[in-house]
Amino acid sequence: SYVFAGQAVGSVLSGFLYTVNPYFPFWISFAFVLASIFISFLFTETEQKRSQHSYFTHIFKSAGIAFKSPRLLWALLFSALMGFCFRSTFWLYEPFFKTVHIPVAWFGVIFFVFNVVAAFSSKVLAHRPRGILLVLGMMLAASFILPAIFVLPTALIFLALQQIVRGLYRPVMNFYINHQIQDEYRSTAISLVGLVANLSFALFSPLVGRSLDGWGAIPTYWWMGAVVVSGV
């Protein structure tokens, strides 16, 4: 929730800074990245049971556990679906904004509101994890299909559903995985889920770009919604 709150402030400030100098948001972001590097050196490792195997043996053993455990295997498949479809949402905002003729000056304000919704979801709603992964999938599907039906500026309300998904997905998924695997394999399993999501996005996101160039925003929203519905 703190991450999203920071992004909300940054969204508004970046819009104003960009009007002064297009490079200001970049250099300020770079400074914050440097600061985070120094802060990370102050972290303290928690005590936990560690694997006794070598690094590569541990990786393969963790992957084997994940693929042999039905609940973890479904989590991997779900992360592949969300990795592609959910991460594509960010790159679909601007084409949709242009389609419904939202001025660029409002982009920062819109992303401020989006991040506030994500922060609220992550802070308040993430404590209700049971059965929520399917709900997140259905919400994501609706956030594609409804804007494709109602091609209006007010469809931003439906895009806000994606921000609820954004705020809830990671804490809920980590909560789910943490209860399915032993301590010594837990962090590797979480990393494996992240790897699958990244690979899914890397492999299939070019389809989104081709679709936007060839067909436009609304048809792309339609087939993305169909993919999410099918995956769920």
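Pairs meeting the criteria (first residue in segment 154-173 and over 19 Å from Phe107 (Cα atoms), second residue open to solvent by 50 Å² or more (accessible area, probe 1.4 Å) and assigned to a helix (DSSP H, G or I), beta carbons under 6 Å, at least 6 apart or on different chains) are Leu168/Leu125. Just to verify a result, which residue in segment 147-164, among those that are open to solvent by 50 Å² or more (accessible area, probe 1.4 Å) and in a helix (DSSP H, G or I), is nearest to Phe112 (Cα to Cα)? In this case the residue turns out to be Ile157. Within segment 202-219, the set of residues being open to solvent by 50 Å² or more (accessible area, probe 1.4 Å) and either assigned to a helix (DSSP H, G or I) or under 30 Å from Phe60 (Cβ atoms) (or both) comprises Ala202, Leu203, Phe204, Pro206, Leu207, Arg210, Asp213, Gly214, Pro219.
Just one residue in the set Leu199, Leu195 is in contact (Cβ under 8 Å) with a residue 60 or more places away in the chain and of a type outside the set (Ser, Thr, Tyr); that residue is Leu199. Taking segment 165-187 as the range and being surrounded by fewer than 21 Cβ atoms within 10 Å (Cβ to Cβ) and closer than 17 Å to Lys123 by Cβ as the test, the residues that pass are Arg170, Pro171, Asn174, Phe175. Remark: pairs (first residue in segment 220-232, assigned to a helix (DSSP H, G or I); second residue of a type in the set (Phe, Trp, Tyr) and open to solvent by less than 50 Å² (accessible area, probe 1.4 Å); Cβ separation under 6 Å; 6+ apart in sequence or on different chains) = Tyr221/Phe144; Met224/Phe144; Gly225/Phe144.
The values are calculated or read from the model by the stated rules, or taken from the named source; none is laboratory data. What you see is a predicted model; the values in this text were computed from it and never measured. In this analysis, Cβ positions are derived from the backbone assuming ideal geometry, glycine residues included, and neighbour counts consider all displayed protein chains. Surface areas here come from the heavy atoms of the whole protein model, side chains and all, with no ligands, DNA or RNA. Shrake-Rupley method; radii C 1.70, N 1.55, O 1.52, S 1.80 Å.
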